[in-house]
Amino acid sequence: MSTRYYITTPIYYVNDRPHIGHCYTTVVADVAARYQRLFGRDVFFLTGTDEHADKVVTSGAEHGMTPTQWADRNAAAFQSAFADMNFSNDDFIRTTQERHKSKVLEYVGKLQKHGDVYLGEYQGWYDQSQDEYLTETVARESPHGAYTSPVTGKPLVKRSEKNYFFKLSKYEPMLRKHIEANPDFILPAARRNEVMGRLREGLQDVPLSRPITDDPASQWGIRVPGDNSQRIYVWIDALFNYLSAIDTPERRPFWPPAVHVMAKDILWFHAVIWPCMLMALGEPLPRTVYAHAYWVREGKKMSKSLGNFIDIDLLHAYIARYSRDAVRYYLIAQGPHDATDSDFAHGKFVEVYNADLANGIGNATSRVGNMIAKYFDGKCPDAKGNTGLAGHDWPSIIRTHVEGVIAKADSFDLPGALGDALKLVNRVDQYINITEPFKIAKKIEAEPARKDELAAILYHCAEALRVATLLLSPAIPEAAAKVFANWSCKAIDLAAGHALAHAALWGGHHSLQPGQAIAKGEPLFMRADPAEAAPVAAAAAPKA
Ligand code: MSP
């Protein structure tokens, strides 16, 4: 794998308020980005907002604001929500920014020059709720009833309008070949099969622009180069963000993306239309387009009409009660990472919080910290070259877990990577149960020779937990930082090449040194009562 790693999320409609869906995709990208940085790669992580939808104009007007004021206000809400989730994005792109708009003109100009754009007439179905053109089959077979939006269930409108079209059909054979030759291009496999199935119906050219009319909403957007009566279709405009954001001399080497992350709703745009546009531009294609499933609530799809969204206010309430690391961890560990939807259920949240965090990494680090405080005066004991007791070969156990986490994170199995990290914590618990250091401690007065045995056991526990913490740190960065501070661990300087393989090495530069201070510290995660009520969002903020 190349040393550069460019990862993106969809750019979210600026008309919505941030909710669990936006936060989920972005935390997935964030954890992947943090893993890759830890593996020593040069990462660029992009997220942002999609601002040229008609709704921005109409909703802004309803709130007595210009589209720009409305977009500014809501984009700021996304930025602050993402900061509250501790996301480490390197940039936040907004499609109304000049840097984006000027690049879009350049790309569309290039497509025109290559003869991939022509003026035509569109007749068919348009989903206003999603700003999306639908084929006859998709419109007819909508799960909500014929000629309703497959996503929102709202009635479709029949459209007949003059548009510029992009010659999608021309690139069909090339795209098909690419998908067939690259099994990792569309993931998970279920989604890949779906796309292949739909491709068998053949591709039609797609509108690249929409006409400008008297309706003020239609004036919003980027004009087609050379034709002031048309504006670039919001989806085409939006897809270009992945390229426009890094199309500067310093950032260009990040292209092509390692992963575009999103949910299944917008896979077609990313797995079919976008790659064909890139082929038309002569750009290399992203390595992977990853489309996860949905969060649902109590078995039901979350929607505005049901009013059952887990919105940012409720996530804030969970953060206030359980910490943001806990929310991040839960989303990754239990989220709809693969092809199956996940239910957000409070009982499950508390169960996972207790099992993996409070009783898992939290309890293990405080148990070991306490024993070192008690028996070794808060100083890291000396294993004296011993690498394991009771049949445990710690250097090799640690290495295996590190390798497992790297392999899983590289293949985008983030829940699997965290699972492997947690297994290392469980190994430490087992080891303590087998070796019973607390019993040995009681015998030391009578048998002073056993102090070395106790020292070796606790050293292995602490060193394995240091590495486990490192492996969990992409999901729980703040708790991990606390452990490293309490245990006076050496800082990991990624710029100096201190990547995971180096930092996790047994007996290496970062390993715990005998004598270094190991403070007990506060518990990382307080146990929660499984029966406690779910947090409630604070008084509602103004709704979008
Ligand atoms: N603006 C377009 C994307 C343009 S990308 C070039 C858009 N925006 S959106 O605000 O509707 O965001 C859709 C994305 O939000 C999904 O693909 C997914 O990443 C996330 N989610 C929204 N609801 C979700 C769930 N219920 N569950 C999981 N993620 C979902 O589409």
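Name every residue in segment 99-154 that is polar (S, T, N, Q) and part of a helix (DSSP H, G or I), in order of residue number.
Result: Ser102, Gln112, Thr137.
Could you tell me whether Trp268 is crowded, with 22+ Cβ neighbours inside 10 Å, at pLDDT 95 or above and within 12 Å of the ligand (Cβ to nearest atom)?
On the way: crowded, with 22+ Cβ neighbours inside 10 Å: no; at pLDDT 95 or above: yes; within 12 Å of the ligand (Cβ to nearest atom): yes.
Judged against the criteria, Trp268 is not a match.
Kindly state which helices (runs of 4 or more DSSP H) lie completely within segment 168-256 and contain at least 1 residues that are closer than 27 Å to Asn89 by Cβ and polar (S, T, N, Q).
Values: elements: 172-181, 189-199, 234-239, 241-244.
Hits in segment 168-256: 241-244.
Which ones in segment 236-265 are open to solvent by 20 Å² or more (accessible area, probe 1.4 Å) and away from the ligand (no atom under 13 Å from the Cβ)? Lay out the reasoning, then the answer.
Within segment 236-265, the subset open to solvent by 20 Å² or more (accessible area, probe 1.4 Å) is 247-256, 264-265.
Of everything in segment 236-265, those that are open to solvent by 20 Å² or more (accessible area, probe 1.4 Å) and away from the ligand (no atom under 13 Å from the Cβ) turn out to be Asp247, Thr248, Pro249, Glu250, Arg251, Arg252, Pro253, Phe254, Trp255, Pro256.
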Report task. Please determine, by comparing only the residues of segment 11-24 that are under 13 Å from the mean Cα position of the chain (by Cα) and open to solvent by less than 10 Å² (accessible area, probe 1.4 Å), which one is farthest from the ligand (Cβ to nearest atom). Result -> Cys23
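For every residue, the table says whether it meets (1) more than 29 Å from Leu454 (Cβ to Cβ); (2) assigned to a loop (DSSP other than H, G, I, E, B); (3) among the small types (Gly, Ala, Ser).
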position: Ala485; (1), (2), (3): no, no, yes
position: His502; (1), (2), (3): yes, no, no
position: Trp506; (1), (2), (3): no, yes, no
position: His510; (1), (2), (3): no, yes, no
position: Ala519; (1), (2), (3): no, yes, yes
Report task. Take the residues in segment 292-339 that are of a type in the set (Ser, Thr, Tyr) and near the ligand (Cβ under 10 Å from one of its atoms), then tell me which one is least open to solvent (accessible area, probe 1.4 Å). Result -> Ser303
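Hey, among the residues in segment 174-211 that are in contact with a strand residue (DSSP E or B) (Cβ under 7 Å, 6 or more places away or on another chain) and within 16 Å of His260 (Cβ to Cβ), which one's most open to solvent (accessible area, probe 1.4 Å)?
Step one: filter segment 174-211 for residues in contact with a strand residue (DSSP E or B) (Cβ under 7 Å, 6 or more places away or on another chain), giving 179, 184-187, 191-192, 195, 205-211.
From the residues that got through so far, the ones that are within 16 Å of His260 (Cβ to Cβ) too are 179, 184-187, 191-192, 195.
Numbers: Ile179: 0, Asp184: 91, Phe185: 0, Ile186: 0, Leu187: 37, Arg191: 21, Arg192: 42, Val195: 6 Å².
Among those residues, the one meeting the criterion is Asp184.
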Requested in this report: Working only within segment 266-297, note down all residues that are over 13 Å from Tyr171 (Cα atoms) and of a type in the set (Val, Ile, Thr).
Outcome: Ile266, Thr288, Val289, Val296
Requested in this report: Could you tell me which numbered condition Val296 fails, if it satisfies all but one of (1) part of a strand (DSSP E or B); (2) within 30 Å of Gly362 (Cα to Cα); (3) touching a helix residue (DSSP H, G or I) at 6+ places or on another chain (Cβ under 6 Å)?
Outcome: (3)
Query raised in the report: When you go through Glu478, Glu453, Glu447 one by one, which is the residue that is under 25 Å from the mean Cα position of the chain (by Cα) and open to solvent by 20 Å² or more (accessible area, probe 1.4 Å)?
Result: Glu478
Report task. Find all pairs meeting these conditions: Cβ atoms under 9 angstrom apart; at least six residues apart or on different chains; first residue within segment 1-29 and in contact (Cβ under 8 Å) with a residue 40 or more places away in the chain and within 11 Å of Met85 (Cβ to Cβ); second residue within 9 Å of the ligand (Cβ to nearest atom) and among the acidic types (Asp, Glu). Result -> His22/Asp16
Query raised in the report: Looking only at residues in segment 134-150 that are open to solvent by less than 40 Å² (accessible area, probe 1.4 Å) and among the aliphatic types (A, V, I, L, M), which one is nearest to Trp235 (Cα to Cα)?
Result: Leu134
Requested in this report: Quick one: in segment 117-126, of everything that is open to solvent by less than 60 Å² (accessible area, probe 1.4 Å) and touching a strand residue (DSSP E or B) at 6+ places or on another chain (Cβ under 6 Å), which residue is nearest to Glu161 (Cα to Cα)?
Outcome: Tyr122
Query raised in the report: Counting only residues that are in contact (Cβ under 8 Å) with a residue 40 or more places away in the chain and hydrophobic (A, V, I, L, M, F, W, C), which one in segment 419-440 is surrounded by the most Cβ atoms within 10 Å (Cβ to Cβ)?
Result: Ala421
Requested in this report: Please determine, by comparing only the residues of segment 481-513 that are modelled with pLDDT of 95 or more and of a type in the set (Phe, Trp, Tyr), which one is least open to solvent (accessible area, probe 1.4 Å).
Outcome: Trp487
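Go through segment 25-46 and report how many residues are assigned to a strand (DSSP E or B) and within 13 Å of the ligand (Cβ to nearest atom).
Within segment 25-46, the first condition is being assigned to a strand (DSSP E or B), and the residues that meet it are 42-46.
Restricting the remaining residues to those that are within 13 Å of the ligand (Cβ to nearest atom) gives 46.
Matching residues across segment 25-46 total 1.
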Report task. Would you be able to say whether some residue in segment 271-291 is within 30 Å of Val352 (Cα to Cα), within 11 Å of the ligand (Cβ to nearest atom) and touching a strand residue (DSSP E or B) at 6+ places or on another chain (Cβ under 8 Å)? Result -> yes
Requested in this report: Note down all Cβ pairs under 9 Å where the first residue falls in segment 195-207 and is without any contact (Cβ under 8 Å) to a residue 60 or more places away in the chain, the second is open to solvent by 40 Å² or more (accessible area, probe 1.4 Å), and they're at least six residues apart or on different chains.
Outcome: Met196/Arg176; Met196/Glu180; Gly202/Ser169
Query - Within segment 392-418, considering residues that are assigned to a helix (DSSP H, G or I) and free of Cβ contacts under 8 Å to residues at least 40 places away in the same chain, the one farthest from Val289 (Cα to Cα) - result: Ser396
Query raised in the report: With respect to the numbered conditions (1) in a loop (DSSP other than H, G, I, E, B); (2) farther than 19 Å from Cys489 by Cα; (3) away from the ligand (no atom under 16 Å from the Cβ); (4) not hydroxyl-bearing (Ser, Thr, Tyr), which one is the sole condition not fulfilled by Ala355?
Result: (1)
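The values are calculated or read from the model by the stated rules, or taken from the named source; none is laboratory data. Since this is a predicted model, take the numbers as computed values, not measurements. Virtual Cβ from ideal backbone geometry, glycine too; neighbours counted across all protein chains shown. The accessibility values were calculated without ligands, DNA or RNA, using every heavy atom of the protein model including side chains. Shrake-Rupley method; radii C 1.70, N 1.55, O 1.52, S 1.80 Å.
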